[in-house]
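Each value in this text was obtained by applying a stated rule to the coordinates, not by laboratory testing. All of these numbers come straight from a predicted model, not from anything done at the bench. Cβ: placed from backbone, ideal geometry, glycine included. Neighbour counts: every protein chain shown.
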Amino acid sequence: MSEHRVRCNECGNNFCISCKTEPYHVGKTCAQHEKEKNAKKCRFCQAVLKSNQRNNVCSKRECKQMSYRCCVAFLPCGHGCYGGSNETVHPPCLHEDCVGKDETKTLGENSDSFCVICYVQGLGEKSVVQLGCKHIFHQDCLQRRIQQKWYQNQHFGFGQPPAPPDANANAISLKFANCPSCNQWMDLPKSNHLVWIQQILDQAKGLEAQIKEKGVLRAKHEGLDLDERLSDPKSEYYNNLEKFAVEHLNYFECQTCKNAYFGGLKACGANQNLQALQQQQAQQGLYVGAAFQQYQCPKCKFFNQDANNKYGITYCEEHKETYIQYKCNFCCNIAAYHCGGANYYCMHCHDRKGPPGHKCKGKEDCPLGLEHPPNGTMKAFAVGCGMCRDMKIKSDDMEKAVGEQMKKLEEFKKNIQDF
C-alpha cells in the first residue's frame, strides 16, 4: 500500500508520487484517499457523512448542538455552508480548496482563519456573515458588536451605570457600524436572519445625519466656527465646519425619543480638574455616572418625565429647549458647561475659574430661590430659559432708561416755560 510513498532527502516531507498528495495518505490507497477527500463531511468535526445525509452536520451530540444557529445546506461545490440558520443568501465557501481557486471571493480567508473580532475561534467553528467589503466575521461576534453600540459598559442599557467617570463615556460613536477590518460602513447581505441588525444600522445612519445637522448649528452657537483651523488651508478642517463639529462635540442618544442631543465638548474628557472632581465624588459614593434613564433630551424630560419638576424648568413654550439653562451639579451657580450628556458645571467647578458658588442647604438658603436636588449628587436641574431671562432684564432696563429720558425731557420743557 506504500509502494508510491517517497521521502524528500532535503526537506524530509513524504508524499505520494502517484497522486501527488502531501503528506502521504497512510493506510489508504490513492482511490480511497480521493474518495474520502471528495466526500461530504461534517462542518464541525470533519467526519465523513453518510451518502444519504441531507445536511452538513453529523449525528454527534456536540455537533448537533452547534448546528442550531448554523446553516446546514451544501453549496454547489459540495462543501457545507458556513453561514447562519434561516439565511436566504449564502456566503462563499470557506473550504481551503475553494478559497485557493479564487481568493478574491473571501480575500484569502478560509475556515481556519481567525475571526478578527474575537480572535479566539476560527471562522469555520461558528456561523459567519460576509459584508459587502468581503470581510467575514462570526455572526454572533458581529451581532454583539452592533447590539452593544457605543456603550463602554457591556451591560449598559439594562439598568447598569457606566463604569468609568468619564465625560465622554457613552457619547454616540458610530465606529461600531464600520467594518472592523477596513473601517467602511457595514453593508450586510439582504438576508432575513439579519433584518434586526440592519435596523440598528439604519438607526445609526439616522443619528449620523442628526449629529451633522445639529452639530453645525451648535458649533456656531458655541463659537467654534471662529476657530483658526477652519480658515487655515493647511488644516484638515479647512472650510469644513461639519467635520470640525462632529469631531469636537459630544452627542448622546435620548432613551425616550431615540434622537441625538448635545451633551458637551469632547475636550472635557481630558479635563484633569473635572476628572479629579468626579474621582473625589466616586470615592465618597456620590458619583455613579449618568444612569441609563438620565440620558434624555430636554424636551423628553419636560413632556414625559417631569410631572413633578424632577428636572426643573426644562422647556420654554416660546424658545423650546434651545436656551434652557441648568444649575451646576456641585453648587448653586448657573452652569456654563455641559459634559457627559447629563452633567452640568459652572466655571469654578469645571476649571477652577471664577468665583465659587454657594452650596445651599435648602430653598430658603438657595440664591436661585429654587428647591433642587442636593449639590454633589450629579443630578441635573434646569432653572429655565436663559433667553427669556435676558429679554426680561433688557426689557426692564429699557423701560427704566426710557423713563429717565422722559423725565429729563419734561424738566427741560419746564425750564423753557420758566424763561
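Details
- Extension gain for C8-K28 works out to 5.2 nm (0.36 nm per residue, less the C-alpha to C-alpha distance).
- Of the peptides 346-358, 78-90, 4-16, the order by per-residue mean of other Cβ atoms within 10 Å, starting with the highest, comes out as 78-90, 346-358, 4-16.
- Extension gain for the segment W196 to K212, taken as residue separation times 0.36 nm less the Cα-Cα distance, is 3.3 nm to one decimal.
- Using a simple spin-label model with pseudo-atoms 7 Å out from Cα toward Cβ, R69 and K258 lie 2.3 nm apart.
- Projected label points at H358 and I17, each 7 Å from Cα along the beta carbon direction, are separated by 10.3 nanometres.
- Shape category assigned to the stretch 39-148 from the gyration tensor of Cα positions, a/c cut at 1.5: oblate
- Around H372: net Lys/Arg minus Asp/Glu count, Cβ-Cβ under 9 Å: +2
- Taking other residues whose beta carbon is less than 13 angstrom from the beta carbon of C349, and scoring Lys, Arg as +1 and Asp, Glu as -1, yields +3.
- FRET efficiency, C77 to E371 (Cβ-Cβ, R0 60 Å, nearest 0.05): 0.25
- If you take all other residues with their beta carbon under 12 Å from the beta carbon of G132, and give Lys and Arg +1 and Asp and Glu -1, the sum is +1.
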